[in-house]
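Engineer: Please see the structure below; I have some questions.
Bear in mind that the values in this text are calculations on the coordinates, not laboratory data. All values derive from a computational prediction rather than experimental measurement. Neighbour counts are summed over all protein chains in view; Cβ atoms, including those assigned to glycine, are modelled from backbone coordinates with ideal geometry.
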Amino acid sequence: MDSDEMRLDRRALLRTGSALLAFLATIPIAVWSNAARAAKADRATLRYQDQPRNGKICADCWAYVAGRNPDAGSCKAIEGPISANGWCMAFSPKQKRAKAGKKNT
């Protein structure tokens, strides 16, 4: 094998190896996104209700995702649409962001 053939074989190997590595890197992303979707619970499991509980509402929760209708949206923890004024056991208040220029003490 002369040096030109060896150089071409090396390039082909590097090209194929790079493509294979890129493909293998996408597998965990696909698996993780499917697992995240499957991780949502049903309403009964988290005791979801359409009204607030002790002043806590879905709109104030980290998992709430606002929809087009201001009174409804979706949730990162519960399957299906939910009320912005609802509540479930997964409720956890959103973290308040510090205003620019002020330090948290």
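Engineer: Give me, ordered by chain and number, the residues 5 or more places off Cys75 or on other chains with an amide H under 5 Å from its own placed amide H.
Structural biologist: Residues meeting the criterion, in which the H sits 1.01 Å from N, are Val65.
Engineer: What is the Cα coordinate range of the stretch 41-96 on the first, second and third principal axes, sorted by size from largest, in whole angstrom?
Structural biologist: 25, 22, 18
Engineer: If we sort 64-70, 47-53, 75-81 on the protection proxy, mean other Cβ atoms within 10 Å, highest first, what's the order?
Structural biologist: 75-81, 47-53, 64-70
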